[in-house]
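See below for the structure under consideration.
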Amino acid sequence: MVVDLDDRSTNELFHALADPTRRDILVQAMRGDQSVSTLASRYPMSFAAVQKHVAVLERAGLVAKQKNGRERLVRTEIETIRLAARLLDEIEEMWRHRLDRFGDVLAETDEGETT
Amino acid sequence: MTVTNVEKDAERLTMRITAEFDAPIGRVWQMWEDPRLLERWWGPPTYPATVTDHDLTPGGRVAYHMTGPDGGTYPGWWKVLVVENPRLLEFEDGFSDSDGNPAPDMPTTRTIVTLTEQPDGRTSMVIDTRFPSLDAMETLIEMGMVEGITAAIGQIDGLLATDSTA
């Protein structure tokens with residue numbers, strides 16, 4: 001990600017993230033293979049409105065557009081390894097919750113159980 | 001907190017998570033072997049799991065679905081590979097199409113569960129997972145639903161908070 005942000009860039013970043021549609025676009029664009037049209041089909045707004053959201057994200061340095069034939073693919077600007085690390089963190093979080101539930105159910109089955 | 005150790009490899013797309021439980025190995029094994037227990041912890045409270053088929057034998061299948069707050073169902077399945085009661089369980093974890101049939105073009109996650117009884121009677125459980133691709137991990141996170149998306153936004157915000165002070 002970008003370092004040494006000046007105030008204007010910081011404001012642009014926070015402005016970019018302040019909108020829930022833009023946050024969703026950012027998560028979707030982590031796949032790196034979504035055209036603006038594919039992204040636009042997810043949201044109940046005009047194609048032009050989605051284009052504007054992508055433009056805000058692009059100005060903030062959060063996404064880049066890549067030509068793929070006649071399409072423009074939107075890609076979140078992070079390296080693949082960092083994306084993988086982030087996804088692993090999320091899956092770890094999922095398993096931590098799951099294992100907490102595991103422990104809870106296990107403790108419940110202790111009552112009155114004969115082994 | 002039951003989790004005692006986590007190792008992640010972002011290049012190999014593997015994760016090893018170790019948890020310890022204050023229970024003998026037989027009861028920890030039961031949590032996987034009894035479908036009525038499995039469905040109580042497999043899914044989050046917002047998307048609880050229902051296990052419809054459960055054959056924990058080599059070559060056997062487990063079928064389940066998560067039910068969302070809007071009533072939508074999200075099916076998944078295991079293909080059981082290795083079973084050594086009560087020490088070892090290995091399975092492929094995959095997703096289904098809307099008819100509940102395994103989606104053949106979707107890659108599967110390989111999971112190995114190893115249980116070890118400790119001298120003090122506690123049981124350690126190691127879960128080794130290998131993900132076939134980033135796409136599969138994302139699908140898994142989507143199936144984990146709310147928790148995953150909330151975490152993703154939290155991480156993005158957190159990363160920006162770090163950068164803004166750089």
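In a DSSP loop and with at most 16 other Cβ atoms within 10 Å, the GluC sites (Glu not before Pro) in the stretch B:9-64 are B:GLU11. For B:ALA23, the amide hydrogen comes within under 5 Å of the amide hydrogens of B:THR123, counting only partners 5 or more places away or on other chains and with H modelled in the peptide plane. Counts of other chain beta carbons within 10 angstrom of each beta carbon in peptide A:100-110 average 6. Interface A-B: total buried accessible area of about 4600 Å², 1.4 Å probe, protein heavy atoms only. Rounded to the nearest whole Hz, the Karplus-based 3J(HN,Hα) values (6.51 cos²θ - 1.76 cosθ + 1.60, θ = phi - 60°) of the stretch A:40-56 follow the sequence 4, 5, 7, 10, x, 8, 5, 4, 4, 5, 5, 4, 5, 4, 4, 4, 4, with x at glycine and proline. Bridgeable lysines around A:LYS52 (alpha carbons under 20 Å apart, same-chain partners fewer than 8 residues away excluded): A:LYS65, A:LYS67.
With the simple model of a label 7 Å out from the Cα in the direction of the Cβ, A:ALA64 to B:THR67 spans 4.7 nm.
Between A:ALA49 and A:SER37, full extension at 0.36 nm per residue minus the direct alpha carbon distance yields a gain of 3.2 nm.
Partner chain Cβ atoms within 10 Å, averaged over the residues of B:18-30 - can you pull that number for me? For peptide B:18-30, the averaged partner shielding equals 3. In this structure the amide hydrogen of A:GLY32, modeled in the peptide plane, comes within under 5 Å of the amide hydrogens of A:THR76, none closer than 5 places in sequence on its chain. For the residues of B:84-93, the average number of beta carbons from a partner chain within 10 Å of their own beta carbon is 0.
The values are calculated or read from the model by the stated rules, or taken from the named source; none is laboratory data. Because the structure is a prediction, the values reported are computed rather than measured. Positions of Cβ are backbone-derived with ideal geometry, glycine not excepted, and every protein chain shown enters the neighbour counts. For accessibility, only protein heavy atoms count, side chains too; no ligands or nucleic acids. Shrake-Rupley method; radii C 1.70, N 1.55, O 1.52, S 1.80 Å.
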